[in-house]
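The block underneath contains the structure these notes are about, expressed in structure tokens.
The values are calculated or read from the model by the stated rules, or taken from the named source; none is laboratory data. Predicted, not measured: the structure shown is a model, and the values here were computed from it. Note: ideal-geometry Cβ built from the backbone for every residue, glycine included; neighbour counts use all protein chains shown. Side chains are part of the model used for accessible areas, which takes the heavy atoms of the whole protein and leaves out ligands, DNA and RNA. Shrake-Rupley method; radii C 1.70, N 1.55, O 1.52, S 1.80 Å.
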Amino acid sequence: MFVSLQSKISKPCTWSHLLSRPQKVCLCPFLPIHPLKISTCLYIIQHPAEESRVLRTVPLLAACLPPDKCKILVGRRFSEDRYPELAAVCRNPSTLILYPGAEATNLEEVTVMSSGPPVMIIIDGTWSQAKDIFYKNSLFRFPRQVQLKTNISSQYVIRTQPTNNCLSTLECAAVALTIMEKNKSIQEIILRPLQALCSFQLQHGAQIHHSKEHLLKNGLYDKPMPKNKRKLRRMELLLNNVKI
């Protein structure tokens, strides 16, 4: 358990969209001087619970990109009537949705259609929240479903992930943009403020959070095993290295 750095130092950062961080732990020096020039447009579908988290990664992502290339929509349900722009985006043949699964194609193998600038939708939330949003919104069935084929471990070490290879929204966007833009420097630039954020938090009392997969396999999981059969099955899959 750790305390937000905002409660320790009073002088705020000038970047209001970066949670008004204190000057001592300001992330501005780790952001690109100018927003990255990219052709891909990201639509971040954010679960309302993520909006209130102090240490979320989407504001960092938005600070690295031009406003017209990173659009954030907060909610659980997205109907065609209420979100006509999103509906048009979802029906566009060049739109992709980043959501792993049996129907997903590895992003590296996808050829984006040239009917306009590429668009990618990313769902921001816990795995259960993302699953709920994906399956309960028919609009998200239209875009081509893609996933990232990567063995990198998350650098977002101040928040517990289900498995060793689960990535934060910012990390997913960084890897995806690197592939889509064919520019390896993008990943390094976008991850820089996340690395700084985690470093600052660890210096002020935060602890490294290993994934549930790591804790279970090393006998370090100190919480009672769930009684719910579905949740218990998920734990078994993590132990057996099965994708969930």
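Here are the numbers:
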quantity	calculated
Pairs, first closer than 16 Å to L86 by Cβ in the stretch 118-137, second open to solvent by 40 Å² or more (accessible area, probe 1.4 Å) and basic (K, R), C-beta under 7 Å, six or more apart	I133/R76; K136/R77; N137/R77
Only listed residue being open to solvent by 10 Å² or more (accessible area, probe 1.4 Å), over 30 Å from F200 (Cα atoms) and not small (G, A, S), chosen from V110, V74	V110
Residue within the stretch 78-92 that is within 19 Å of E171 (Cα to Cα) and crowded, with 16+ Cβ neighbours inside 10 Å present	no
Members of the stretch 3-48 that are modelled with pLDDT of 70 or more, among the hydrophobic types (A, V, I, L, M, F, W, C) and open to solvent by less than 40 Å² (accessible area, probe 1.4 Å)	V25, C26, L27, C28, L31, L36, I38, C41, L42, I44, I45
